[in-house]
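Q: To start, I am sharing the structure in question, which I have written as structure tokens.
The values are calculated or read from the model by the stated rules, or taken from the named source; none is laboratory data. Quick caveat, the model's predicted, so the values are computed rather than measured. Glycine also receives a Cβ, built like all others from the backbone with ideal geometry; neighbour counts cover every protein chain displayed.
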Amino acid sequence: MLTIRLEKLRFFAYHGLFDLEKKVGNEFEVNCTLSIDNESVVIEDISQTINYAEIYALIKCEMTQPRLLLETFLTETAERIKKTYPLVKNIKINIYKITAPIEGFDGKIGVELARSWD
């Protein structure tokens, strides 16, 4: 297996259940790990792997579409990645809301999704 990682991607978006989140937005951090079968001993062409710039662009595009739940963002993004890149065998993607709208809360809230395909 070959693993491609995109870590600590920062975005400003409008995901959330509460009206204030939908109005003022929030900062988010996304991490994505993809695995593909590495049938070649040496990868010499981008078609033999996943272009991480394209994955970044896909995630960035998904972040512009507000969702009520972070879980929705993760499942829809994972499915879009798999549909766009059939080579993907495993994906782990997580998202953190940097400033949670919880009074007195000091930290960040995160959700993670892991999927595998045969």
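Q: Would you confirm, using the coordinates I've provided, whether K92 is modelled with pLDDT of 95 or more, among the charged types (D, E, K, R), outside any helix (DSSP H, G or I) and within 11 Å of the chain's Cα centre (by Cα)? I'd like the intermediate steps shown before the answer.
A: Details: modelled with pLDDT of 95 or more: yes; among the charged types (D, E, K, R): yes; outside any helix (DSSP H, G or I): yes; within 11 Å of the chain's Cα centre (by Cα): yes.
Considered against the rule, which asks whether it is modelled with pLDDT of 95 or more, among the charged types (D, E, K, R), outside any helix (DSSP H, G or I) and within 11 Å of the chain's Cα centre (by Cα), K92 comes out as yes.
Q: If we scan the range 44-52, do we find a residue that is within 16 Å of R115 (Cα to Cα) and among the acidic types (D, E)?
A: Checked against the condition, which is being within 16 Å of R115 (Cα to Cα) and among the acidic types (D, E), the range 44-52 yields no hits at all.
Q: Could you look through the range 1-43, keep only residues that are among the hydroxyl-bearing types (S, T, Y) and in a loop (DSSP other than H, G, I, E, B), and pick out the one that is modelled with the highest pLDDT?
A: For the range 1-43, the residue satisfying everything is Y14.
Q: May I pose another question? For the condition in contact with a helix residue (DSSP H, G or I) (Cβ under 8 Å, 6 or more places away or on another chain) and among the aliphatic types (A, V, I, L, M), what is the one hit in I36, I46, I59? Talk me through it step by step, then tell me what you get.
A: Details: I36 fails: in contact with a helix residue (DSSP H, G or I) (Cβ under 8 Å, 6 or more places away or on another chain); I46 fails: in contact with a helix residue (DSSP H, G or I) (Cβ under 8 Å, 6 or more places away or on another chain).
Step by step, each of I36, I46, I59 is checked, and only I59 is in contact with a helix residue (DSSP H, G or I) (Cβ under 8 Å, 6 or more places away or on another chain) and among the aliphatic types (A, V, I, L, M).
Q: Only one of (1) touching an Asp or Glu at 6+ places or on another chain (Cβ under 8 Å); (2) of a type outside the set (G, A, S); (3) more than 30 Å from V24 (Cα to Cα) is not met by V88, so which one is it?
A: (1)
Q: Can you name every residue in the range 72-118 that is of a type in the set (A, V, I, L, M, F, W, C), more than 18 Å from L9 (Cβ to Cβ), in contact with a Lys or Arg (Cβ under 8 Å, 6 or more places away or on another chain) and in contact (Cβ under 8 Å) with a residue 24 or more places away in the chain?
A: W117
Q: Looking only at the range 53-71, filter to residues that are exposed (fewer than 14 other Cβ atoms within 10 Å of the Cβ) and assigned to a helix (DSSP H, G or I); which one of those is nearest to the chain's Cα centre (by Cα)?
A: By that ranking, first place goes to K60.
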